[in-house]
Amino acid sequence: MSAPSVPRHGLARVLSKRGLCSRTEAARWIEQGRVSVEGRIVRDPETPVALTQQHIAVDGRPLAAVERCYVMLNKPRGLVTTVSDERGRDTVYRCLDGAGLPWVAPVGRLDKASEGLLLLSNDPQWAARITDPQSGPAKTYHVQVDTIPDVFLLARLVEGIDVEGEWLRAASATLLRTGGKNAWLELVLHEGRNRQIRRLLAGFDIGVLRLVRIAIGPLALGSLPKGQWRALAAEEVERLRC
């Protein structure tokens, strides 16, 4: 009876999955002739190799196991959640300058105008668990809106609305406080669709003045200053994994 075949993936993907760099950066290294497999330079990022392939080297140095890194950032407004921006805009990596961290990627996204809790990690499997729309943890947001919703509108936000053929809804919607012409809501999402809160509220002609993510599952933003980051404790990592 023959042994089961080992799954193989493109070399760039393997480097990324090992937490060494982004897949785009890995492809660039490979095309530049900086990566070898079994002592042979490989220039095709799609060359199939096993995820556990041991004899991979970058710039002649064997690919060591990368220590997993998990951090949370209090993202300020005005930064885009991407590794690099083709329009030259500031990214969330500005907040990590000089931190001495290994390469980490955003776990999910917050749009440029949104603030609050953003996770970054070099553990792709953990990140996939966090962002899974079916089994991932709930995300909690505080949202300042340009109206004062009544109980009927809050109920409709939970019921949902069709927006361009996509049904958008909140798992819960709570009125936190009101001002003269605006209010703060707490919205909880079990999904992670693109700009979901802004699109949901726009469907009811509600404008968003501020949007702050305050929690992902059991992990709360707490008192972490804006623009600052901290490493997650081991128990926090595991609680988000469950």
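Looking at P137 and the list (1) within 13 Å of G192 (Cα to Cα); (2) crowded, with 20+ Cβ neighbours inside 10 Å, which single condition is not satisfied?
The one condition P137 does not meet is (2).
If you scan segment 170-213, which residues turn out to be part of a strand (DSSP E or B), in contact (Cβ under 8 Å) with a residue 60 or more places away in the chain and not charged (D, E, K, R)?
Those that are part of a strand (DSSP E or B), in contact (Cβ under 8 Å) with a residue 60 or more places away in the chain and not charged (D, E, K, R): V208, L209, L211, V212.
Within segment 88-100, identify whether any single residue is assigned by TED's automatic domain parsing to the domain that holds Q125, in contact (Cβ under 8 Å) with a residue 40 or more places away in the chain and either surrounded by fewer than 19 Cβ atoms within 10 Å (Cβ to Cβ) or not hydrophobic (A, V, I, L, M, F, W, C) (or both), and answer yes or no.
First, the residues of segment 88-100 that are assigned by TED's automatic domain parsing to the domain that holds Q125: 88-100.
Pick out the ones that are also in contact (Cβ under 8 Å) with a residue 40 or more places away in the chain and you get 95-96, 99.
From the residues that got through so far, the ones that are either surrounded by fewer than 19 Cβ atoms within 10 Å (Cβ to Cβ) or not hydrophobic (A, V, I, L, M, F, W, C) (or both) too are 96, 99.
Yes, there is a match, as at least one residue in segment 88-100 is assigned by TED's automatic domain parsing to the domain that holds Q125, in contact (Cβ under 8 Å) with a residue 40 or more places away in the chain and either surrounded by fewer than 19 Cβ atoms within 10 Å (Cβ to Cβ) or not hydrophobic (A, V, I, L, M, F, W, C) (or both).
Can you find, within segment 57-87, the residue that is surrounded by the fewest Cβ atoms within 10 Å (Cβ to Cβ) among those that are modelled with pLDDT of 80 or more and polar (S, T, N, Q)?
Filtering first and then ranking leaves T82.
Can you run down the residue pairs with Cβ atoms below 8 Å, 6 or more apart or on separate chains, where the first is in segment 129-153 and over 17 Å from A183 (Cα atoms) and the partner is charged (D, E, K, R) and assigned to a strand (DSSP E or B)?
Correct list of pairs: K139/R213.
Closer than 30 Å to Q228 by Cβ and either assigned by TED's automatic domain parsing to the domain that holds I197 or part of a loop (DSSP other than H, G, I, E, B) (or both), is that true of R43?
Criteria not met by R43.
The values are calculated or read from the model by the stated rules, or taken from the named source; none is laboratory data. Since we're looking at a predicted model, the values are computed, not measured. Note that each Cβ is placed from the backbone with ideal geometry, even for glycine, and that neighbours are counted across all protein chains shown.
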